[in-house]
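In what follows, a single structure is set out as structure tokens and then discussed.
The values are calculated or read from the model by the stated rules, or taken from the named source; none is laboratory data. As the structure is a computational prediction, the values presented were derived from the model and not from experiment. Note: ideal-geometry Cβ built from the backbone for every residue, glycine included; neighbour counts use all protein chains shown.
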Amino acid sequence: MQFSPEMFHALDNQTAVIDGDHSYSYINLSEDILSSFQALSSQISSGSKVALVSICSYKSITTLFALALNNNIVAPLIPSGDINHGEKLDEFNPDYTISINNQGVSIDENIKISHQDPILEKIKNNQHAGLVLFSSGTTGKPKAILHDLTNLIAHYQLKKKHNNRIFLLYLLFDHIGGLNTIFNTLFTGGCLVIPEKRSPETVCRSIEKNKVQILPVTPGFLNLFLLSKMQEQFDLSSLQVITYGTEPMPLQLLQALKTTLPRVKFIQTFGTSETGIIQLRSFSGKSTSFSISDPDVEFKIINQELIIRSKFQFIGYLNNTAPQIGNTWYSTGDIVEELENGMLRIVGRKSDIINVGGQKVFPEEIEFILREHEFVKDCKAHGNQNAITGQIVVCDVVVNDNYTGTESALKQNLRSFCLTKLERYKVPVKFHIVDEIPKNRNNKTKRNI
């Protein structure tokens, strides 16, 4: 099914996107996609690789759709000055770079020596658009993940229309979760609200102002939300559903959220950049257990790791000497617990496990416990090598401003606190007092540094 912007005309003057103080109807959306396509297609050849560098905005979304119409291979990227951004551009090696900012739209043709990647041929031979997302491998080097964008959009076009539900866009369009929010909202006739920033205060202000009903976010953000107590400052009564994913949800955090927002339904989501977002069935809104109910997905569990094969998974990695092409099994890296009722529960990432004398320790469990301590503002648990146990648990801690005692007394206090709530092997052996815990822009703790 080929995407056509005219399909949005049926929704007439219904609001499609609210970006800051500006509202855009579905007719605006249709016409702006078509206008952008006509402008871009005269400058950018069909099938070429395009880096779309922009903050997530109405203009960047219409440009993404226009590039899909032009059958381009698109890599959405958020502007950044860090080395990772440059590595992504080098890995993708775009033919064109489109930059969108407050000054307008600029298109630069990149004169580079380009090689033909064989996995792009499948996209080009079908005269389809491609989508490239990035994730970091174990070495930290970004991997360029290729999807068939035409097929992905067609999948969302088949979804049933709803009655103008209002979604907030938290994850951005360079993330599979952000794209899922954009496509799921617009192809079901909803309204997409784009907040100016992604802090708890800005998000809650946007919920109150725009009567947001559905909030797709991360457990990391929800933890910051609880700590900020923003529900006491803003009217969040319009909220009906909060979906959460991208990282494990501690059960204690979910239960605290249900107490704080008792009328809100909490739904767990799951997905990776390689497999896309997968449909789940939750045991209950107070439980982190789930089953995979997606008709387009098969799964199996090997050594506690979740392995998936999806109809809409990626085609392969660009610049890979041994590309994984075709409908093959994908190892997610997520460790799951199989429950007696046939449900599953994600307990952590395989790469994050701390191995203490053969016992598996997941850092998220320790971090949630420590964040309950009155003097802990933030923390990160990780493993250090040890000659006797293999590894020991170490924790970096950011201290609240209200602590006035000594560092040694605080460390002893933290250890005693953990001993009352955790098995002994999970209790951190060392505590490091630090100024901040590195985060990515989705408020997920950076664990590879």
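With respect to I176, is the statement that it is at pLDDT 95 or above and either over 22 Å from N443 (Cα atoms) or of a type in the set (V, I, T) (or both) true? For I176, the condition - at pLDDT 95 or above and either over 22 Å from N443 (Cα atoms) or of a type in the set (V, I, T) (or both) - is not met. Of all residue pairs spaced 6 or more apart or on separate chains, those with beta-carbon atoms under 9 Å, a first member in the stretch 427-449 that is surrounded by 13 or more Cβ atoms within 10 Å (Cβ to Cβ) and a second member that is aromatic (F, W, Y) and not in a loop (DSSP other than H, G, I, E, B) are N442/F221; N443/F221; K444/F221. When D401 is evaluated against the numbered criteria (1) acidic (D, E); (2) outside any loop (DSSP other than H, G, I, E, B); (3) without any contact (Cβ under 8 Å) to a residue 40 or more places away in the chain, which criterion, by number, is the only one it fails? It fails just one condition, (2).
Under the condition of being among the β-branched types (V, I, T) and in contact with a Gly (Cβ under 7 Å, 6 or more places away or on another chain), the residues counted in the stretch 87-130 number 2. Count of the stretch 343-367 residues, restricted to those that are in a helix (DSSP H, G or I) and out of contact with any strand residue (DSSP E or B) (no Cβ under 7 Å at 6 or more places or on another chain), is 2.
Would you pick out the residues in the stretch 404-445 that are aliphatic (A, V, I, L, M) and either on the phi > 0 side of the Ramachandran plot or not in a loop (DSSP other than H, G, I, E, B) (or both)? Can you show your working first?
Step one: of the stretch 404-445, the residues aliphatic (A, V, I, L, M) are 409-410, 414, 419, 422, 427, 429, 433-434, 437.
Of everything in the stretch 404-445, those that are aliphatic (A, V, I, L, M) and either on the phi > 0 side of the Ramachandran plot or not in a loop (DSSP other than H, G, I, E, B) (or both) turn out to be A409, L410, L414, L419, I433.
From the list E337, E298, the one residue that fits, being touching a strand residue (DSSP E or B) at 6+ places or on another chain (Cβ under 6 Å), at pLDDT below 90 and among the acidic types (D, E), is E337. Only one entry in K124, K143 is modelled with pLDDT under 90, over 23 Å from S23 (Cα atoms) and assigned to a strand (DSSP E or B), namely K143. The condition of being surrounded by 20 or more Cβ atoms within 10 Å (Cβ to Cβ) and within 19 Å of F283 (Cβ to Cβ) holds for only one of D352, D334, that being D334.
On the basis of being more than 22 Å from G316 (Cβ to Cβ), surrounded by 14 or more Cβ atoms within 10 Å (Cβ to Cβ) and either among the hydroxyl-bearing types (S, T, Y) or at pLDDT below 95 (or both), does I78 make the cut?
The answer is yes for I78.
When N164 is tested against the conditions (1) crowded, with 23+ Cβ neighbours inside 10 Å; (2) assigned to a loop (DSSP other than H, G, I, E, B), the lone failure is (1).
Filter the stretch 177-204 down to residues that are assigned to a loop (DSSP other than H, G, I, E, B) and either within 17 Å of the chain's Cα centre (by Cα) or among the β-branched types (V, I, T) (or both) and give me whichever is nearest to S30 (Cα to Cα).
Step one: filter the stretch 177-204 for residues assigned to a loop (DSSP other than H, G, I, E, B), giving 187-190, 195-199.
Then drop every residue that is not either within 17 Å of the chain's Cα centre (by Cα) or among the β-branched types (V, I, T) (or both), which leaves 188, 195, 197-199.
Values: T188: 15, P195: 22, K197: 26, R198: 27, S199: 31 Å.
Across the stretch 177-204, the extreme among qualifying residues is T188.
In summary, P219 fulfils each of the numbered conditions (1) within 21 Å of V17 (Cα to Cα); (2) out of contact with any Lys or Arg (no Cβ under 8 Å at 6 or more places or on another chain) with the single exception of condition (1). Counting only strands (runs of 3 or more DSSP E) wholly contained in the stretch 211-295, the ones carrying 1 or more residues that are touching a residue at least 40 places away in the same chain (Cβ under 8 Å) and more than 23 Å from E372 (Cα to Cα) occupy 214-217, 270-272, 276-278, 290-292.
Got at least one residue in the stretch 412-427 being touching a strand residue (DSSP E or B) at 6+ places or on another chain (Cβ under 8 Å), assigned by TED's automatic domain parsing to the domain that holds K380 and among the β-branched types (V, I, T)? Yes: the stretch 412-427 contains one or more residues that are touching a strand residue (DSSP E or B) at 6+ places or on another chain (Cβ under 8 Å), assigned by TED's automatic domain parsing to the domain that holds K380 and among the β-branched types (V, I, T). The condition of being surrounded by 18 or more Cβ atoms within 10 Å (Cβ to Cβ) and either at negative phi or part of a loop (DSSP other than H, G, I, E, B) (or both) holds for only one of I107, I61, that being I61. For the stretch 368-381, a residue qualifies if it is buried (at least 20 other Cβ atoms within 10 Å of the Cβ) and in contact with a strand residue (DSSP E or B) (Cβ under 7 Å, 6 or more places away or on another chain), and the qualifying residues are L370, V376, D378, C379, K380, A381. Restricting attention to the stretch 304-320, does a residue exist that is touching a strand residue (DSSP E or B) at 6+ places or on another chain (Cβ under 8 Å), buried (at least 20 other Cβ atoms within 10 Å of the Cβ) and within 27 Å of L226 (Cβ to Cβ)? Scanning the stretch 304-320, I find no residue that is touching a strand residue (DSSP E or B) at 6+ places or on another chain (Cβ under 8 Å), buried (at least 20 other Cβ atoms within 10 Å of the Cβ) and within 27 Å of L226 (Cβ to Cβ), so the answer is no. Residues in the stretch 13-62 that are over 24 Å from N210 (Cα atoms), of a type in the set (S, T, Y) and in contact with a Phe, Trp or Tyr (Cβ under 9 Å, 6 or more places away or on another chain): S36, S45, S48.
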